[in-house]
Amino acid sequence: MSDIYNMRPADAKNAIDIFLTDDVGGSSGAIERAERLLAGLSHGAEKAVGSAIKRAAISGEAYAARAVGKYYVLKVSDFKRYTQSKRRINTSNGQTTVDIEFRGVHVPLLRFDAKMGGDGRFRARVKRSSSAEMLRHVFRATMGTGHIGLFERAGTSRTPIEQLFGPSTPQMMDANDDVSQEIGDKIRKTFEERIDHEILAVLNGWHK
């Protein structure tokens, strides 16, 4: 199935939920340790855990571009350009959840390893596991706004023309469970690395 779309750059979204109180990675023990060591300080554990989770979530957002790049021919800079993310941290009934929502429009096909061959035809490769796909009757054009893309004519006349797109970054994440798993693992790992530093920060009065 082709990953090339002839359409408007529609919006898509994907949410990744990470439960930091799962036993996976020992996150639950880290939170309990913070609560025990900072029991005598007002909101101490809350500050330490909250700061560590925030750092971990930010690292997960940044890592998403690298995780997607393992499976799709998309540069980190293009991932960031066509993606927006929003993180939410919730604590309820002793369970802390990091929810990261990724939103993005379909990425112009030109960004996916698109090259013109010696025959004058463009080829593009969306997935790293796929071969380059030949694009018939496709040409590169610059719009009045300065935007450059790959286009094809909608009919037999010169106009209108339609731009070609690949999938959106949320679709790339949703289509591959390994991507979501890798982002989750990165968040847990960063949380584990940060929590002791944040506990020390509270004990030393660095957090206000």
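All of the numbers you see were taken from the coordinates with simple rules; none came from a lab. Remember, it's a predicted structure, so these values are computed and weren't measured experimentally. FYI the Cβ positions are ideal-geometry reconstructions off the backbone, even for glycines, and counts take in every protein chain you see.
Some notes on this structure:
- Here the stretch 63-79 is the region considered, the condition is being under 15 Å from Asp177 (Cα atoms) and among the basic types (Lys, Arg), and the residue that is surrounded by the fewest Cβ atoms within 10 Å (Cβ to Cβ) is Lys70.
- Residues in the stretch 115-143 that are of a type in the set (Gly, Ala, Ser) and closer than 16 Å to Glu162 by Cβ: Ala124, Ala141.
- Scanning the stretch 28-85 for residues that are among the small types (Gly, Ala, Ser), more than 30 Å from Gln171 (Cβ to Cβ) and part of a helix (DSSP H, G or I) returns Ser28, Gly29, Ala30, Ala34, Gly44, Ala45, Ala48, Gly50, Ser51, Ala52.
- Residue in the stretch 187-206 that is within 13 Å of the chain's Cα centre (by Cα), surrounded by 20 or more Cβ atoms within 10 Å (Cβ to Cβ), touching a residue at least 24 places away in the same chain (Cβ under 8 Å) and not in a strand (DSSP E or B) present: yes
- Residue match in the stretch 136-149 (condition: part of a helix (DSSP H, G or I) and either of a type outside the set (Lys, Arg) or out of contact with any Asp or Glu (no Cβ under 9 Å at 6 or more places or on another chain) (or both)): no
- Test: residue in the stretch 172-183 that is buried (at least 20 other Cβ atoms within 10 Å of the Cβ), over 16 Å from Ala57 (Cβ atoms), in contact (Cβ under 8 Å) with a residue 12 or more places away in the chain and touching a strand residue (DSSP E or B) at 6+ places or on another chain (Cβ under 7 Å): yes
- Top-ranked residue of the stretch 106-120 - restricted to ones that are outside any strand (DSSP E or B) and not small (Gly, Ala, Ser), ranked as surrounded by the fewest Cβ atoms within 10 Å (Cβ to Cβ): Asp119
- Here Phe102 clears all of (1) closer than 30 Å to Pro160 by Cβ; (2) surrounded by 20 or more Cβ atoms within 10 Å (Cβ to Cβ) except the condition numbered (1).
- Picking from residues in the stretch 41-62 that are of a type in the set (Ser, Thr, Tyr) and over 12 Å from Arg188 (Cβ atoms), the one that is surrounded by the fewest Cβ atoms within 10 Å (Cβ to Cβ) is Ser42.
- Members of the stretch 140-161 that are surrounded by 10 or more Cβ atoms within 10 Å (Cβ to Cβ) and under 27 Å from the mean Cα position of the chain (by Cα): His147, Ile148, Gly149, Leu150, Phe151
- Here the condition is being basic (Lys, Arg) and not in a strand (DSSP E or B); of Arg103, Arg158, Arg123, Arg88, it holds for Arg158 alone.
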